Amino acid sequence: MSDFASRRVRGRYVNLHSDVDHGPRDVWRWFRERQVAPWPVWVEDPPQPPPPRLMAGQIGATFIGHASWLVQIGGVAVLIDPVWSPRASPLPFAGPKRVRAPGQRLEALPGADLLLVSHNHYDHCDLATLRQVQARWAPPALTSLGTGRLLAKAGLRAPREMDWWDRVAVAGLRVTYVPAQHFSARTPFDRNRALWGGFVIQAPDGATVYFMGDTGWCPHPAEIGRRFGRIDLALIPVGAYAPRWFMQTQHMDPDEAVQAHIACGARASLAMHFGTFFRLTDEPIDEPAELLEAAKARHGVAQQAFRVPGFGQTLIYPAA
């Protein structure tokens, strides 16, 4: 534990840097004033080859869509926030619907030796997918404080809950649950009863991947970069940011994402949390990628240092 471990007030977790929390009036204002951009009903992405099984010495990141990844590091396949369902919702007939298929079929993956679930939002923690993961691979699972019961409900055996800065040795890796600025909820009645955050994954050879999770712009990425010293690859959210008055404390825009890339000192970064579920927020579907390119130029970040992956694409980086 450290001074930066999570903090609870009256049974609810709070953000350390900006704890603005929008209530029903703000939600009503957002929906009343929304200027939503048109989105396509469906996007057909070009097929990508299934990800190969990688051995130690390489880092592989396969972008499934939104915040779902297969990361391979140290010869271990890590499945992060897997969502293969057609909606990010508790209801099969309502709620944010996919505008594109998952980039890879679940059965096309080369395995899942470890499962990580960052927090309990429906676009990150999907029980139907977790049941499929358990049935196919039964990996050990790590998640946030208060979210383990959901994983157990999906059949995951003894999921381990973690506080910020908790570190676990599992599946041949070292995994640290790290802070983010966000919130949690599954219903109107359980807001912030569970924790939220990201993960830093380290292999025995020193290779390090930082999954930032959902976060607003804040000092956490810089603190994480200082603590770990080496981050080979960061997975950074770039979407779901409009309107800014409502989303700013919980989701970064592309300019802030580039600042987070710089702040954490990542050798390379990949964009996530965009273009998957129908109009989660108000920006156009292609705007996050377009603004990211402009932000890189503005901040002097090389084009290849922070990339927008194709849906289903596997990118491979050297581990040293």
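Shown here for region 136-189: trypsin sites (Lys or Arg not before Pro) in loop regions (DSSP other than H, G, I, E, B) with at most 11 other Cβ atoms within 10 Å, namely Arg157. Summarising the amide proton neighbourhood of Gln72: residues at separation of 5 or more, or on other chains, whose placed amide H is nearer than 5 Å comprise Gly60, Ala61, Thr62, Val78.
Rounded to whole numbers, the Karplus 3J(HN,Hα) couplings from phi for region 44-53 are 9, 8, x, x, 10, x, x, x, x, 7 Hz, using 6.51 cos²θ - 1.76 cosθ + 1.60 with θ = phi - 60°, and x at Gly and Pro. For region 277-286, 3J(HN,Hα) computed residue by residue from phi via the Karplus equation (6.51, -1.76, 1.60; θ = phi - 60°) reads 10, 4, 6, 4, 9, 9, 6, x, 4, 8 Hz, glycine and proline entered as x. Where a ≥ b ≥ c are the square roots of the eigenvalues of the C-alpha gyration tensor, would you call the chain rounded, which needs a/c under 1.5, or, failing that, prolate if a/b is larger than b/c, or oblate? Rounded.
Antiparallel beta bridges, as assigned by DSSP with both residues in region 1-153, represent about 70 percent of the total such bridges.
Considering region 151-285 at the alpha-carbon level, its Rg and Dmax are found to be 15.5, 44 Å. Between Pro50, Pro204, Pro179, the GNM of the chain built on Cα springs shorter than 10 angstrom shows Pro204 fluctuating the most.
Between amide H atoms placed 1.01 Å from N, distances below 5 Å from Phe306 occur with Ser269, all of them 5 or more places distant or on a separate chain. Taking every DSSP bridge with both residues inside the chain, close to 65 percent are antiparallel.
Judged by the gyration tensor of its Cα atoms, with axes a ≥ b ≥ c, region 1-112 is oblate; a/c meets the 1.5 cut and b/c is at least as large as a/b. Gyration tensor analysis over the Cα atoms of region 214-320 returns equivalent ellipsoid semi-axes of 22, 17, 12 Å (largest first, whole Å).
Distant-in-sequence amide contacts of Ser6, defined by a placed amide H-H separation under 5 Å and a gap of 5 or more residues or a different chain, comprise Trp164. Taken along the Cα-to-beta-carbon direction at a fixed 7 Å, the label points for Glu44 and Arg131 span 3.1 nm. Taking θ as phi - 60° and the Karplus parameters 6.51, -1.76 and 1.60, the scalar couplings of region 68-80 work out to 8, 9, 10, 10, 10, 8, x, x, 10, 9, 10, 9, 10 Hz in sequence order, x denoting glycine and proline. Note on the chain: with a GNM built from Cα contacts shorter than 10 Å, the maximum mean-square fluctuation among Gly23, Gly239, Gly57 falls on Gly23. Here Ala56 and Arg25 are evaluated by their C-beta separation; at R0 = 45 Å the FRET efficiency comes out at 0.30.
Within the listed set Ala158, Ala240, Ala207, the residue fluctuating most in the Gaussian network model of the chain (springs between alpha-carbon atoms under 10 angstrom) is Ala158.
The numbers here are math on the coordinates, done by the rules we state, and not lab data. All values derive from a computational prediction rather than experimental measurement. All Cβ positions, glycine included, derive from the backbone under ideal geometry; neighbour counts span all protein chains shown.
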